[in-house]
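Structure, as structure tokens:
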């Protein structure tokens, strides 16, 4: 089967940054996804070539740095590069990414929540608000973790040991000791 981007004129396509770096000719409007490397340099180069960008490089949820994840998530800014205002308007935003090398069904929810809350707040809030000290996010992350626990999700504490008035109660099977 032959596939061509021209066959789908009303669709927007997202490619990994390597596709652009390899010099592959791409139609106008393609979005380059920055996922690794020097994000500031890549954003500057890609937008100067006319590509829109999405950033995930600083929001990989499977890369755990104990006690500092949220600070780095909150400090990351997709528009923090040496580019013109026009180039910065070509930055569409970002995404939190979760890959499975060290994650499976037993721990995916705990890795994703409430960590994605820090990314969401960064991407969806006013830029002036999110330029404040990242320490301001801890009470909201703690509340988000407790909200998820109350709703039955095994969300991990946002920062260090956590406390929620309602403890998470896993829906474990009643083991029949005679069958074990």
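Structural remarks
- Among the numbered conditions (1) free of Cβ contacts under 8 Å to residues at least 40 places away in the same chain; (2) part of a helix (DSSP H, G or I); (3) touching a helix residue (DSSP H, G or I) at 6+ places or on another chain (Cβ under 8 Å); (4) within 26 Å of residue 39 (Cα to Cα), the only one that residue 140 does not meet is (4).
- Residue under evaluation residue 109, criteria (1) loosely packed, with under 15 Cβ neighbours inside 10 Å; (2) in a loop (DSSP other than H, G, I, E, B); (3) in contact (Cβ under 8 Å) with a residue 12 or more places away in the chain, criterion not met: (2)
- Flag if residue 62 is outside any helix (DSSP H, G or I), in contact with a helix residue (DSSP H, G or I) (Cβ under 7 Å, 6 or more places away or on another chain), surrounded by fewer than 17 Cβ atoms within 10 Å (Cβ to Cβ) and at pLDDT 95 or above: no
- When residue 115 is tested against (1) at pLDDT 85 or above; (2) closer than 29 Å to residue 153 by Cβ; (3) surrounded by 12 or more Cβ atoms within 10 Å (Cβ to Cβ), just one condition goes unmet, and that condition is (1).
One line per residue, one yes/no per condition, for (1) more than 26 Å from residue 36 (Cα to Cα); (2) touching a residue at least 12 places away in the same chain (Cβ under 8 Å); (3) in a loop (DSSP other than H, G, I, E, B); (4) within 18 Å of the chain's Cα centre (by Cα):
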{"position": "100", "(1), (2), (3), (4)": "no, yes, yes, yes"}
{"position": "121", "(1), (2), (3), (4)": "no, yes, no, yes"}
{"position": "144", "(1), (2), (3), (4)": "yes, yes, no, yes"}
{"position": "159", "(1), (2), (3), (4)": "no, yes, yes, yes"}
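The values are calculated or read from the model by the stated rules, or taken from the named source; none is laboratory data. Small disclaimer: the values here were computed from a predicted structure and weren't measured. Methodologically, a virtual Cβ is constructed for each residue, glycine included, from the backbone with ideal geometry; neighbour enumeration extends over all protein chains shown.
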